[in-house]
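The values are calculated or read from the model by the stated rules, or taken from the named source; none is laboratory data. Owing to the predicted nature of the structure, the values given are computational and were not obtained by experimental measurement. Here the Cβ is made from the backbone with ideal geometry for all residues, glycine too, and neighbour counts use every protein chain on show. Only protein heavy atoms, including side chains, enter the accessible area calculation; ligands, DNA and RNA are left aside. Shrake-Rupley method; radii C 1.70, N 1.55, O 1.52, S 1.80 Å.
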Amino acid sequence: MKETVVSGIRPTGKLHLGNYFGAVTNFVKMQYDYNCFFFIADLHSLTTHPTPQDLHGYVRHVLVEYLACGIDPEQSTIYIQSDVPEVTELYLYLNMIAYLGELERSTSFKDKIRSQPDNVNAGLLTYPALMAADILLHKATKVPVGKDQEQHLEMTRTFGNRFNRLYNAEYFPEPFAFNYSENLVKVPGLDGKGKMSKSEGDISCIYLADTAEVIRKKVSRAVTDGGPITENQSKPEAVQNLFDLMKIVSSADTLAHFDSLYNGMAIRYGDFKKQLAEDMIVFNSPIRERIEALSEDNTYLAKVAKRGAEKAKESAQKTIKEVRSLIGFKSF
Ligand code: ADP
Ligand code: TRP
């Protein structure tokens, strides 16, 4: 029996290189070895109150981009979370065993209180219970996500184990974050600090759908410093971030070349950025071309979403039936 894998991304815009290297590239590889469910977490995105048009557009973007990146609907189950309402039932059961204190302590909740103080809704607080429901719904053991999601995985294990104890059953297995590389990946942004993220704004992100001109413009504006002032000095965060991006998209020789220029205080950031931009374009182009082609093909997208929902529902309904029985819901 193949192990089960679940992962999802909230539809909040287009996917960027962080999403790709932190999550989607693993989805693509895993589909050949595991029983995979990859979904679009549209219920999760309601915490920020998108307009109906934005919501639909973003869901469509993610579906197109999943396919453009190489997730094969014949190999994996690709579905839209709201097409499988069974997850909301499991979410309710998990909410009964998730404690207020532990939900309030979650780092993502604390971040949200800071970033959207005018909209601290209950959905934000119970976000980890919905995420746990996504994972436990298919009894997954592996969850390909970036480093920022580790705490959510820990909470998922806590809720699953608590459910098992409460109902005296070895029912939910423990899921763990997964990445093919040794450490969970963190792709830096172009804005000089921290990770690439939509919440840091468009200047931080290279989107998979970005054209060559857009990539050149964004990279040329990336934050650097005045240049090294001693030989072999350590790099400040903004510069290190660009080197880390180069490590991802360029060859080892290119990286070594600019590294030695930096160490010898001979680097010219203009040349460095030009090379980085061109290597990003080479990386992005085939994906962007597939995005453009798939965006036109509504019939295919509808077919993928329908088939995915059917397969996901089959797995979800089996779990919900068993969970109901464990809880003690019985028909007369
Ligand atoms: P964003 O920060 O742009 O809103 P999300 O939080 O929606 O991105 O992340 C979706 C998925 O992509 C998650 O699995 C997350 O761990 C991964 N991810 C996002 N940004 C990065 C990054 N900069 N490096 C590595 N993984 C990332
Ligand atoms: N919380 C994840 C994020 O912000 C998205 C997500 C929702 C998810 N449910 C999930 C990821 C289940 C993996 C498994 O990126």
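Considering only region 228-244, I want to know if a residue exists there that is farther than 30 Å from Lys139 by Cα, more than 14 Å from ligand 1 (Cβ to nearest atom) and small (Gly, Ala, Ser). The answer is yes; a qualifying residue exists.
Residue count for region 169-201 under the criterion of being in contact (Cβ under 8 Å) with a residue 40 or more places away in the chain, more than 10 Å from ligand 1 (Cβ to nearest atom) and in a strand (DSSP E or B): the result is 1. Residues of region 149-180 that are in contact with a Pro (Cβ under 7 Å, 6 or more places away or on another chain) and under 23 Å from Glu322 (Cα atoms): Leu153, Met155, Thr156, Arg157.
Quick check on my filter: what residues within region 1-58 are open to solvent by 70 Å² or more (accessible area, probe 1.4 Å) and under 16 Å from the mean Cα position of the chain (by Cα)? Correct list: Arg10, Lys14, Lys29.
In region 14-22, the condition of being over 26 Å from Ile206 (Cα atoms), within 15 Å of ligand 2 (Cβ to nearest atom) and in a loop (DSSP other than H, G, I, E, B) is met by no residue. For region 114-141, a residue qualifies if it is over 22 Å from Ser199 (Cβ atoms) and open to solvent by 40 Å² or more (accessible area, probe 1.4 Å), and exactly one does: Lys139.
For region 74-85, a tally of residues being touching a residue at least 60 places away in the same chain (Cβ under 8 Å) and crowded, with 20+ Cβ neighbours inside 10 Å returns 6. Among the candidates Asn183, Asn164, Asn179, which residue alone is surrounded by 16 or more Cβ atoms within 10 Å (Cβ to Cβ), more than 12 Å from ligand 2 (Cβ to nearest atom) and modelled with pLDDT under 95? Answer to the check: Asn179. Restricting Leu90, Leu103 to those that are closer than 25 Å to Lys195 by Cα, more than 16 Å from ligand 1 (Cβ to nearest atom), open to solvent by less than 60 Å² (accessible area, probe 1.4 Å) and in contact with a Ser or Thr (Cβ under 8 Å, 6 or more places away or on another chain) reduces the list to Leu103. For residues in region 196-214 being of a type in the set (D, E, K, R) and at pLDDT below 95, which is nearest to the chain's Cα centre (by Cα)? Result: Lys198. Taken as a whole, the structure places Leu276 among residues that are modelled with pLDDT of 95 or more, open to solvent by less than 30 Å² (accessible area, probe 1.4 Å) and not assigned by TED's automatic domain parsing to the domain that holds Phe172. Number of residues in region 25-38 that are within 12 Å of ligand 1 (Cβ to nearest atom) and assigned to a strand (DSSP E or B): the value is 1.
Screening region 244-332 for helices (runs of 4 or more DSSP H) wholly inside it with 2 or more residues that are hydrophobic (A, V, I, L, M, F, W, C) and within 29 Å of Lys195 (Cβ to Cβ) returns the ranges 252-263, 269-295. Consider Gly22 carefully, then state whether it is within 14 Å of ligand 1 (Cβ to nearest atom) and in the same structural domain as Val143 (by TED's automatic domain parsing). Considered against the rule, which asks whether it is within 14 Å of ligand 1 (Cβ to nearest atom) and in the same structural domain as Val143 (by TED's automatic domain parsing), Gly22 comes out as yes.
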